[in-house]
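To start, the structure itself, in structure tokens.
The values are calculated or read from the model by the stated rules, or taken from the named source; none is laboratory data. For clarity, every value in this text was computed on a predicted model and none was experimentally measured. Using ideal geometry, Cβ is built from the backbone for each residue, glycine included, and neighbour counts are taken over all protein chains shown.
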Amino acid sequence: EDQVTQSPEALRLQEGESSSLNCSYTVSGLRGLFWYRQDPGKGPEFLFTLYSAGEEKEKERLKATLTKKESFLHITAPKPEDSATYLCALPMSGYQKVTFGTGTKLQVIP
Amino acid sequence: GAVVSQHPSWVICKSGTSVKIECRSLDFQATTMFWYRQFPKQSLMLMATSNEGSKATYEQGVEKDKFLINHASLTLSTLTVTSAHPEDSSFYICSAEQVSGANVLTFGAGSRLTVL
């Protein structure tokens with residue numbers, strides 16, 4: 001059964017303190033891995049899709065990387081506005097249905 | 001970019017009543033939409049897949065008679081929570097796939113349901 005596990009559950013950083021969020025997965029055949037950001041009371045906002053081990057994608061202070069067993073979301077010099085819950089997800093049948101990890105709640109303190 | 005709109009964003013109802021939540025793709029057509037439920041401090045759990053012009057497909061453990069889904073057009077899916085009870089209080093989120101080759105789901109802002 002396809003599974004995705006995220007760690008840590010919560011992360012508190014000082015502004016400017018870089019760190020990484022982890023997403024470990026088991027899947028019979030990787031069809032991609034998604035990263036989303038979710039603000040409180042809002043729906044998830046798409047960040048990245050990674051398709052194969054070794055792939056990296058960047059957006060502002062975020063960089064997502066992928067290996068055969070896990071993905072990392074690196075946050076460089078975070079700002080308070082980066083505070084949110086970050087979710088990784090695996091596509092199920094085709095690309096439409098996805099299963100989500102439990103998320104990492106990031107808090108960046110000024 | 002693709003936008004998915006949900007309405008209402010929050011609703012409070014009495015136990016035993018029914019509540020309808022709408023999900024619209026504003027600038028693209030979506031033959032398939034998805035309904036998720038998210039309880040506090042938990043991740044999103046897929047409830048059902050809504051297919052335009054046909055019956056919805058429900059995930060295991062989701063009561064299809066309680067959560068009625070209608071996808072009558074290529075831009076609108078509705079979720080009706082029938083005979084709502086306090087345990088149905090949750091954050092309901094819909095999503096639709098952009099058929100642009102990007103294979104990306106666009107999510108609505110969610111609908112907060114509170115059943116008294």
Quiz item: at the interface with another protein chain (Cβ under 8 Å from one of its Cβ atoms), within 11 Å of the chain's Cα centre (by Cα), crowded, with 17+ Cβ neighbours inside 10 Å and touching a residue at least 12 places away in the same chain (Cβ under 8 Å) - does that describe any residue in the range A:58-77?
Solution: no
Exercise. Please state which of the following conditions B:Arg112 fails to meet, knowing it meets all the rest: (1) more than 9 Å from chain A (Cβ to nearest Cβ); (2) under 15 Å from B:Gln6 (Cα atoms); (3) at pLDDT 90 or above.
Key: (1)
Quiz item: How many residues are charged (D, E, K, R) and either under 13 Å from A:Cys23 (Cα atoms) or within 8 Å of another protein chain (Cβ to nearest Cβ) (or both) when one looks only at the range A:78-104?
Solution: 1
Quiz item: Scanning the range A:1-25 for residues that are out of contact with any Gly (no Cβ under 7 Å at 6 or more places or on another chain) and either modelled with pLDDT under 95 or charged (D, E, K, R) (or both), which turns out surrounded by the most Cβ atoms within 10 Å (Cβ to Cβ)?
Solution: A:Tyr25
Quiz item: Could you give every pair whose Cβ atoms fall below 8 Å, whose first residue belongs to the range A:26-42 and is facing another protein chain (nearest Cβ under 9 Å) and hydroxyl-bearing (Ser, Thr, Tyr), and whose second residue is crowded, with 19+ Cβ neighbours inside 10 Å and not in a strand (DSSP E or B), counting only separations of at least 6 or pairs across chains?
Solution: A:Tyr36/A:Pro44
Quiz item: Quick one: in the range A:1-13, which of the residues that are farther than 12 Å from A:Ile75 by Cβ and not in a loop (DSSP other than H, G, I, E, B) is farthest from the chain's Cα centre (by Cα)?
Solution: A:Arg12
Practice problem: Find the residue count for the range A:61-110, including only residues that are of a type in the set (D, E, K, R) and at pLDDT below 95. | Solution: 3
Quiz item: How many of the residues in the range A:26-48 are buried (at least 21 other Cβ atoms within 10 Å of the Cβ) and among the β-branched types (Val, Ile, Thr)?
Solution: 0
Quiz item: Among the numbered criteria (1) in contact with an Asp or Glu (Cβ under 9 Å, 6 or more places away or on another chain); (2) of a type in the set (Gly, Ala, Ser); (3) part of a loop (DSSP other than H, G, I, E, B), which single criterion is violated by A:Ser52?
Solution: (1)
Quiz item: In the range B:1-57, how many are surrounded by 15 or more Cβ atoms within 10 Å (Cβ to Cβ), part of a loop (DSSP other than H, G, I, E, B) and among the hydrophobic types (A, V, I, L, M, F, W, C)?
Solution: 5
Quiz item: So, in the range B:49-76, of the ones that are touching a residue at least 12 places away in the same chain (Cβ under 8 Å) and under 30 Å from A:Ala10 (Cβ atoms), which residue ends up nearest to the other protein chains (Cβ to nearest Cβ)?
Solution: B:Glu59
